[in-house]
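A.B. asks: Quick one: this structure, given as structure tokens, is what I'll be asking you about.
Taken together, the values in this text are just the output of simple stated rules run on the coordinates, not laboratory data. Only a predicted model underlies this, so the values are computations on that prediction, with no experimental measurement involved. Every residue, glycine among them, receives a Cβ derived from its backbone with ideal geometry; neighbour counts consider all protein chains shown.
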């Protein structure tokens, strides 16, 4: 099944509308971490220019846990949340490459399980894990 279909099915199960602008937003965000302005520019190229609609759809998709907000270096990014234990609306690990400002993800359930099983957390229910790692390319000599 196409990854976008997972999101559409999630909306269908709740009898929520899948509008063309929502489809376009999901398409634009697929495999990308974008700021609002970048989303707005990408959607404008597809004919969706109403800023209110973009904000409303982002809020709607965040509420449905289809999109998540990330704050990296005082900038808000948006990302699709995939319904699996490695990467969802609540648990994320991002690596920010400071050389390029590119954002990559670590999708490894072992990391989440390791953190959840640390002695400091043994008596707590962990709701989410959000980690941002800042890194630079190693210099080769």
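A.B. asks: Using alpha carbons only, how many degrees (0 to 90, rounded to 10) separate the axis of helix 20-29 from the longest principal axis of the chain?
C.D. replies: Roughly 30 degrees between the two axes.
A.B. asks: Evaluate 2.2 N^0.38 Å with N set to the residue count of the range 3-135, then give the Cα radius of gyration divided by it.
C.D. replies: Expressed relative to 2.2 N^0.38 Å, the Cα Rg reads 1.14.
A.B. asks: Then there's this: Could you work out the helix-only [θ] at 222 nm for the chain, with each DSSP H run of four or more residues adding -39,500 (n - 2.57) and the total divided by the number of residues, to the nearest 500 deg cm²/dmol?
C.D. replies: Result for the chain, helices only: -10500 deg cm²/dmol.
A.B. asks: What's the ranking of 114-126, 3-15 by average number of surrounding C-beta atoms within 10 Å, highest first?
C.D. replies: Most protected by this proxy first, the peptides run 3-15, 114-126.
A.B. asks: Using alpha-carbon pairs under 8 Å, 6+ residues apart, how would you state the relative contact order of the range 3-135 in percent?
C.D. replies: 18 percent
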